[in-house]
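Okay, so here's the structure we're looking at.
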Amino acid sequence: MQQTGTQTQPKLKIIKASEIEPKAIEWLWYPFIPFGKVTLLQGDPGDGKSTFMLTIAAKLTKGEPLPFSEPETPPEPMNVIYQTTEDEADDTIVPRFIRAEGDRERLHFISEKEAPISFGDCRIDEAIRQTKAKLLILDPLSSYIGDCQINAANEVRPRFNYLIQTAKDTGCAIVIINHLNKMPGVKAIYRTPGSIDIVGSVRSALLIAKNKENEDERFMVQQKSNLSPTGSAIVFSVGENGVTFIREEEKSADELLGTSSGKNGRPDVKLREATELIREMLADGEEHEASECEAKLREAGIGVSTAKKAKRLIGVVSTKRRFNWFWRLPTGGASEDDELPL
């Protein structure tokens, strides 16, 4: 350390890019929730955010694949930590978890009886390491960000930096549940209460809202994605037995909140490219490994959401054999005259 006046300054250290070993992003749920990063899940009160995440947690504790995912190897059961100040564990959280058929031995809570927890609390890091949890859920943000002005970027960002470092150090996926502000008519990215640095700090931001065309359905869409192409919207319902996942759709957060006019009528060039490439790869009628097909699509600059839409359009059949997924064209193949975007 060097002395500058009365302050002690850290010694300069330069790191070359050649000294850094590149590594791939690992995913709890591609492309929505990455390991070792912080994700934000937002929505209005009563839209099912907590129930949604408890259902995801239940599936993880049982080692079940997450909705609409095609893991290359069967997932193993994982431990989860759930922290909330909005509902009691005994009369709400655990009963919901039981209805979702989760493994109660793998769901953990950090006691806050002696003192509340905040982002910079060392107990978070300790709990993740002690339980070997792969997912930490904090519900809601306002209870756990700590004592700071939520509208002040210079106060919000340091708070998030603690949590970001904890996620990085432990490899745990951290999901923060948050309420939307009451500013209808603005872009979805600005519906986050407080400083824009809140949504700026996370690597993925998800949004849950009701389907205006069907009151029994809800959408989960991706507001922001820094690490992958934006995923397809997931349609689900919430009932007495928890969450039922229904289908995927192509819908953006702005379209869901009514702040976008939707498609502008221009040709969907990428979708046509994706359908043509998939037909070409599967033209021999044989099964091909999904991972190889996905790699070729990525090399062609085609995102996962577009690839999924193209698969559905063509009717590609996905089959799992032992630990791998395979794609093939439907029986009889797919005609070039199948309806495609013009």
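Per the Cα gyration tensor, region 206-328 maps to an equivalent ellipsoid with semi-axes of 28, 19, 13 Å, ordered largest to smallest.
Pairs K37/K296; K49/K270; K270/K311: which exceed 21 Å Cα-Cα?
From the list (K37/K296; K49/K270; K270/K311), the Cα-Cα distance tops 21 Å for K37/K296; K49/K270.
When the helices of the chain are scored as -39500 (n - 2.57) per DSSP H run of n ≥ 4 and the total is divided over every residue, the value at 222 nm lands at -8000 deg cm²/dmol.
May I ask for the distance between the Cα centers of region 20-64 and region 281-311, given as a whole number of Å? So the two Cα centres are separated by 24 Å. Between M183 and E289, the FRET efficiency from the beta-carbon distance, with R0 = 56 Å, is close to 0.75.
Computed on region 1-69, with alpha-carbon pairs under 8 angstrom and 6+ residues apart, the relative contact order is 16 percent.
In this view, the solvent-accessible surface of R247, computed with a 1.4 Å probe and all protein chains in place, comes to about 80 Å². For the pair E215 and E86, what calculated FRET efficiency results from E = 1/(1 + (r/R0)^6), where r is the Cβ-Cβ distance and R0 = 30 Å, to the nearest 0.05? Efficiency, from the Cβ-Cβ distance: 0.80. Heavy-atom accessible surface of K132, to the nearest 10 Å², is about 150 Å², with a 1.4 Å probe and all protein chains retained.
For the pair E240 and K320, the difference between a 0.36 nm per residue extended length and the Cα-Cα distance amounts to 25.7 nm. Remark: for residue pairs K23/K134; K59/K134; K224/K309; K59/K212; K62/K132, the C-alpha separation exceeds 21 Å in K59/K212. Given a 1.4 Å probe and the protein chains as shown, T85 ends up with an accessible area of around 80 Å². Seen from every direction in turn and averaged, the convex hull around the alpha carbons of the chain projects onto 22.3 nm².
Taking chymotrypsin sites (Phe, Trp or Tyr not before Pro) as exposed when their DSSP state is a loop state and no more than 16 other Cβ atoms lie within 10 Å, the longest site-free interval of the chain runs over 110-322.
Full extension of the chain segment joining K113 with S142 gains 8.6 nm, where the gain is 0.36 nm per residue of separation less the Cα-Cα distance. Over the C-alpha atoms of region 1-158, the Rg to Rh ratio, Rh being the Kirkwood estimate, stands at 1.05. Across L40, L313, L257, the residue with the most accessible area heads the list, and the full order at a 1.4 Å probe is L313, L257, L40.
Look at the alpha carbon pairs under 8 Å that are at least 6 residues apart: their mean separation over the length of region 188-316 gives a relative contact order of 18 percent.
For the chain, the Cβ-based charge dipole about the Cα centre amounts to some 880 debye (Lys, Arg positive; Asp, Glu negative; other atoms uncharged). If you run the Gaussian network model on the chain, springs between alpha carbon atoms under 10 Å, then out of K49, K16, K308 the most flexible one is K16.
The values are calculated or read from the model by the stated rules, or taken from the named source; none is laboratory data. As the structure is a prediction and not an experimental result, all values here were calculated from the model. With ideal geometry, Cβ positions are generated from the backbone for all residues, glycine too; neighbour counts draw on all protein chains shown. The area values use the complete protein model at the heavy-atom level, side chains included, leaving out ligands, DNA and RNA. Shrake-Rupley method; radii C 1.70, N 1.55, O 1.52, S 1.80 Å.
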